[in-house]
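Notes follow the structure.
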Amino acid sequence: MDEAVNRAREVLNESPADRLVAAVAAVLADTYAITTTELLQVDYRLAVLLPLGGGEGITTPGHPAWRCFDHQEPVVADGIGYFPVSMRGERRGVLRTAPAPDDPAAHAALTEIGTALAHELAAVSAGTDVYRSARRSRRLTLAAEMQWELLPGRSRTRPAFKLAGQLEPAYAVRGDSFDWSDDGERLWLATINGMGEGVAASMLTALATSALRNARRGGLALADQAALADQAVYDLHRGSQHLSALIMELDLASGEMTVVDAGSPRLLRVRDGEVHGQPLEAQFPLGMFEATDYHEQRFTLHRGERLFVVSDGVIEAAGQQTRYGETALDRFLRRTGSMEPLDAVRSLLGDLRAFVSGDLVDDAVVVCLDWTGPQP
């Protein structure tokens, strides 16, 4: 097993960016007599698994490929093997192989190879469009292209937390976004509820996100991060454009959460099957006025507690006769307790699309955070 995994890692490191799957396929053919190796990438909407080489995507719930993706474990059905392609909690897709070996040790090795492939995909993504282009089921708008390029990923798993986020409508999102970073001791999370339409909204969100990153990487306190982003937006637009943001910093050892609510998206806490809104001090959105003075709030999470951050586009999503609303949102969030954060986010947005009978009209962002506390 180790020999196959080590060989796969070696050839992945040496292969051209566009030949990663072919390189893995050659190793699997030599080691396990696998004749077909295919990468299925999850699309931007988290709704279809798309073959890298083109062809019909997989949308059927319960399909072995989706069972592999959802449960993050090997699945073998009808002689075909499916292995997760994920790293650090970021799910990129599934490796489909045929014929699948029967040996459990081989399944463990193929799972490790899937992880190695995921790491390499992340490493080469900035230098090639091969994988980005293949994981879209339709064309992204220019604004959406800009928004997706801003994101740090869609899910992340670390010893003390699990995290996931998603934007809708995935192929036409404009101003809503999120950002996160951790250093092993703290987690920073920002969720932005942008204003405006099209590229202008994306540019405004990109400015605010870059300003927050610049302040965070400079070691500024949370309130000062908000102030720097506020000033950057105001200096350019003089109050004519602004955007709401919720900026958070979590101490991963103690569970203490520091928050700046700049006219923010909604923050909800789920504990023991009950949903509670977290009261926050509403402060001015970023860029509304010059030199706004922001204040930090603090509260403590309970081990195993779940947080949801949702933008107005979730609450205000309109069906034929009524809006989705807080009651429906609370009822649905209570049902997500057994789900992983990415599955909870995906399920909520799927419920919203079913409610409106199609794609959402307004932007919506959902972020889900589980704090599990320090692990041995």
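The values are calculated or read from the model by the stated rules, or taken from the named source; none is laboratory data. On a predicted model such as this, the values are computed, not experimentally measured, just so you know. Note that each Cβ is placed from the backbone with ideal geometry, even for glycine, and that neighbours are counted across all protein chains shown.
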Those residues of region 54-72 which are out of contact with any strand residue (DSSP E or B) (no Cβ under 7 Å at 6 or more places or on another chain), over 18 Å from residue 164 (Cβ atoms) and touching a residue at least 24 places away in the same chain (Cβ under 8 Å), in sequence order: 54
Search result, residues across region 264-288 that are in a loop (DSSP other than H, G, I, E, B) and exposed (fewer than 12 other Cβ atoms within 10 Å of the Cβ): 272, 273, 279, 281, 282
Hits in region 10-33 - residues which are touching a helix residue (DSSP H, G or I) at 6+ places or on another chain (Cβ under 6 Å) and among the charged types (D, E, K, R): 18
Any hit, region 138-158, residues being over 30 Å from residue 56 (Cβ atoms) and either more than 17 Å from the chain's Cα centre (by Cα) or not assigned by TED's automatic domain parsing to the domain that holds residue 358 (or both): no
Test for residue 91: is it in a helix (DSSP H, G or I) and within 27 Å of residue 348 (Cβ to Cβ): no
Close pairs from region 349-376: first over 23 Å from residue 153 (Cβ atoms) and modelled with pLDDT of 85 or more, partner surrounded by fewer than 22 Cβ atoms within 10 Å (Cβ to Cβ) and among the aliphatic types (A, V, I, L, M), Cβ under 8 Å, at least 6 apart: 355/328; 356/318
Residue satisfying all of: in region 292-328; touching a Phe, Trp or Tyr at 6+ places or on another chain (Cβ under 7 Å) and not in a loop (DSSP other than H, G, I, E, B); modelled with the lowest pLDDT among these: 315
Subset of region 94-105 (residues that are in a helix (DSSP H, G or I) and either among the aromatic types (Phe, Trp, Tyr) or touching a residue at least 40 places away in the same chain (Cβ under 8 Å) (or both)): 105
Selection status of residue 56, surrounded by fewer than 19 Cβ atoms within 10 Å (Cβ to Cβ), assigned by TED's automatic domain parsing to the domain that holds residue 341 and either at pLDDT below 95 or on the phi < 0 side of the Ramachandran plot (or both): no
